[in-house]
Amino acid sequence: AGLQTSPATLQRVEEVAGRMGKTVVRADDRPGFMSNRILMPYINEAIFALQEGVGTREDIDQVLKLGTRVPMGPLELADFIGLDTCLHIMRVLHQGLGDDKYRPAPLLVKYVDAGWLGRKRGR
């Protein structure tokens with residue numbers, strides 16, 4: 001909830017969301033909230049690993065799919081989300097939180113600069 005959100009407003013929103021069949025999860029009003037703050041560094045680290053030659057794109061995705069039982073590996077997920085979107089979120093996290101652990105991988109920047117944005121551009 002925001003700093004000025006009243007408890008009554010928050011309760012009302014949660015009730016409406018519940019009637020819509022939504023699961024409510026509270027998150028503090030911070031850059032990236034919770035999901036992007038956790039997901040995007042995971043994807044970014046996979047891009048760093050690819051850049052450093054730790055493994056191939058296929059191997060990085062496969063090890064995470066097998067090891068964590070997720071349906072898509074981090075690089076496949078980045079491709080699905082859009083590399084430009086991933087880069088934008090990493091920049092928001094880096095600037096908003098002021099921590100270099102959110103610094104976008106140089107390879108991500110390079111791909112976006114080259115117009116390699118993922119599935120939406122066919123590359």
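No value in this document is a laboratory result; all are computed from the given coordinates. This structure is a prediction, so every number in the text was calculated from the model and none was measured. With ideal geometry, Cβ positions are generated from the backbone for all residues, glycine too; neighbour counts draw on all protein chains shown.
The value given for the chain is a Kirkwood hydrodynamic radius of 16.2 Å, derived from the mean inverse Cα-Cα separation. The charge dipole of the chain, taken about its Cα centre with unit charges on the Cβ atoms of Lys, Arg (+1), Asp and Glu (-1) only, comes to about 360 debye. Just checking the listed ones, M40, M72, M20: in the Gaussian network model of the chain with Cα springs under 10 Å, the one fluctuating most is M20. Between the alpha-carbon centres of the range 4-39 and the range 45-65 there is a gap of 33 Å. Between R26 and R119, how high is the FRET efficiency from 1/(1 + (r/R0)^6) when r is the Cβ-Cβ distance and R₀ = 35 Å? Nearest 0.05. After rounding to 0.05, the efficiency reads 0.60. For trypsin sites (Lys or Arg not before Pro), the sites in the range 27-80 that DSSP calls loop and that have at most 14 other Cβ atoms within 10 Å are R69. Mean residue ellipticity at 222 nm, helices only, the chain: -18500 deg cm²/dmol; runs of at least 4 DSSP H residues each add -39,500 (n - 2.57), and the sum is divided by the number of residues.
Rounded to the nearest Hz, the phi-derived 3J(HN,Hα) couplings of the range 87-102 under the Karplus curve 6.51 cos²θ - 1.76 cosθ + 1.60 (θ = phi - 60°) are 4, 4, 5, 4, 5, 4, 5, 4, 6, x, 9, x, 10, 5, 5, 9, where x marks glycine and proline. How large is Rg/Rh for the range 57-123, to two decimals, with Cα atoms and a Kirkwood Rh? For the range 57-123, the value is 1.01.
Bridging of K22 to lysines at a Cα separation below 28 Å is possible for K65, once same-chain residues fewer than 8 apart are set aside.
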